[in-house]
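**Student:** Below: one structure in structure tokens.
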Amino acid sequence: MSRAVIEKLLEVDRLQMHFPVKGGFFRRTIGTVKAVDNVSFAIHKGETLGLVGESGCGKSTTGRSILRLLEPTGGSIMYDGEEITHVKGKRLHEIRQDIQMVFQDPYASLNPMQMVGNIIGEPLQNYHKYRNQHDRKREIMDLLQRVGLPEDAYYKYAHEFSGGQRQRVGIARALALKPKLIIADEPVSALDVSVQSQVLNLLKELQAEFELTYLFIAHDLSVVKHMSDRVGVMYLGHIVEIADKHAIYDNPLHPYTEALISAVPNPADKGRKRERIVLEGDLPSPENPPIGCPFHTRCPKAMEHCVTTKPALKEVKPGQHVACFLYE
Ligand code: SF4
């Protein structure tokens with residue numbers, strides 16, 4: 001990290017997001033999808049925590065729960081020392097100034113009927129953040145410039161821009177209220193590879209300029225490595241390993257992390273060829289997750305008691321937490 005990191009900005013403790021499954025003639029609850037199940041982590045001021053895992057592992061649901069777009073069904077979320085898990089009304093509105101989201105799909109997240117100037121200005125309007133129209137426009141022009149868009153973008157509509165430019169508009173909108181924490185949910189996965197790095201570098205520049213803290217959610221391991229200071233690996237609603245990115249990429253401990261990382265070329269291997277670990281079987285349904293270790297149905301190192309007992313996330317090396325019986 002470029003800056004000293006001391007204080008925690010966000011602390012998530014045993015967060016749960018369970019959804020009822022309805023069925024039958026009377027639409028009774030017949031099951032539960034445990035999209036997020038006892039997830040705990042902290043993010044320090046100024047750092048980027050990457051959340052990585054296969055599609056459906058619960059990483060986006062975790063992000064949306066923190067922003068309270070979803071109401072958590074268990075656990076707690078502390079933001080800057082304040083318990084915000086169930087805050088409502090005026091206080092929730094205030095907190096959302098501080099926590100903003102950059103969405104995956106810049107095509108779907110921008111109103112096609114609005115000029116870009118109005119899209120970026122909407123949060124300013126909602127929070128009465130300007131004294132007059134002249135102020136508002138100057139603020140929006142400043143945001144356009146900071147995300148690398150020309151001034152005349154103000155008068156254009158989203159469809160007149162490329163995917164990368166639209167994501168810049170989404171980033172400008174997220175920055176409008178001068179947030180402290182940005183949850184970036186797959187912010188480049190809908191973009192051409194050629195423009196992905198430009199948007200990622202912009203996010204890094206803005207982080208330094210505005211002293212932002214990021215929760216960076218993505219399935220692409222190279223992208224997460226490029227962006228993150230620490231990385232949490234999710235599998236079936238659980239964090240199975242969380243550590244400094246160098247530990248995750250150079251010395252993964254959890255068998256699932258090992259398998260994921262084995263598919264990514266690593267300069268630290270210095271020409272040594274890493275053995276590719278191909279996982280057998282499909283990701284189980286979160287509606288009917290395995291008992292015991294959630295990874296046991298695909299784990300090449302599974303032992304007898306992994307089938308019946310769930311391992312807790314424990315610190316096995318300084319700063320490296322792993323949920324696996326191999327390290328107990
Ligand atoms: Fe594999 Fe057992 Fe470790 Fe789970 S607890 S990852 S099944 S070895």
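The values are calculated or read from the model by the stated rules, or taken from the named source; none is laboratory data. Not measured: the values here are computed from a predicted model. Quick reminder, even Gly has a Cβ in these numbers, built from the backbone with ideal geometry, and neighbours come from all protein chains shown. Ligands, DNA and RNA are stripped out before the accessible areas are found, and what is left, the full protein with its side chains, is counted by its heavy atoms. Shrake-Rupley method; radii C 1.70, N 1.55, O 1.52, S 1.80 Å.
**Student:** Exactly one of these conditions fails for GLY319: (1) within 13 Å of the ligand (Cβ to nearest atom); (2) closer than 21 Å to GLY232 by Cβ; (3) not polar (S, T, N, Q). Give me its number.
**Tutor:** With respect to (1) within 13 Å of the ligand (Cβ to nearest atom); (2) closer than 21 Å to GLY232 by Cβ; (3) not polar (S, T, N, Q), GLY319 is out only on (1).
**Student:** So which pairs qualify, if the first residue must be in region 283-301 and in contact (Cβ under 8 Å) with a residue 60 or more places away in the chain and within 13 Å of TYR235 (Cα to Cα), the second must be within 8 Å of the ligand (Cβ to nearest atom) and open to solvent by 40 Å² or more (accessible area, probe 1.4 Å), the Cβ gap must be under 9 Å, and the two must be at least 6 apart or on different chains?
**Tutor:** Filtered contacts from region 283-301: PHE295/ALA302.
**Student:** Could you tell me whether any residue of region 137-155 is touching a strand residue (DSSP E or B) at 6+ places or on another chain (Cβ under 8 Å) and modelled with pLDDT of 95 or more? Steps first, answer last, please.
**Tutor:** Here is the first cut: in region 137-155, the ones touching a strand residue (DSSP E or B) at 6+ places or on another chain (Cβ under 8 Å) are 154-155.
Remaining after also requiring modelled with pLDDT of 95 or more: 154-155.
There is at least one residue in region 137-155 that is touching a strand residue (DSSP E or B) at 6+ places or on another chain (Cβ under 8 Å) and modelled with pLDDT of 95 or more.
**Student:** Quick check on region 297-316: of everything there that is of a type in the set (Ser, Thr, Tyr) and surrounded by fewer than 19 Cβ atoms within 10 Å (Cβ to Cβ), which residue is farthest from the ligand (Cβ to nearest atom)? Don't jump to the end; show me each part of the working.
**Tutor:** From region 297-316, those of a type in the set (Ser, Thr, Tyr) are 297, 308-309; that's our starting set.
Keeping just the survivors that are surrounded by fewer than 19 Cβ atoms within 10 Å (Cβ to Cβ) gives 308-309.
Values: THR308: 11, THR309: 8 Å.
Looking at residues that are of a type in the set (Ser, Thr, Tyr) and surrounded by fewer than 19 Cβ atoms within 10 Å (Cβ to Cβ), I get THR308.
**Student:** Something else about it: Could you list, ordered by first residue, the pairs with Cβ atoms under 9 Å in which the first is in region 316-328 and of a type outside the set (D, E, K, R) and the second is away from the ligand (no atom under 13 Å from the Cβ) and not in a strand (DSSP E or B), at least 6 apart or interchain?
**Tutor:** Every condition considered, the pairs that remain are GLY319/ALA247; GLN320/ALA247; GLN320/ILE248; GLN320/ASN251.
**Student:** So, in region 270-296, of the ones that are under 14 Å from ALA259 (Cα atoms) and surrounded by 13 or more Cβ atoms within 10 Å (Cβ to Cβ), which residue ends up farthest from the ligand (Cβ to nearest atom)?
**Tutor:** Among those that are under 14 Å from ALA259 (Cα atoms) and surrounded by 13 or more Cβ atoms within 10 Å (Cβ to Cβ), it is ARG274.
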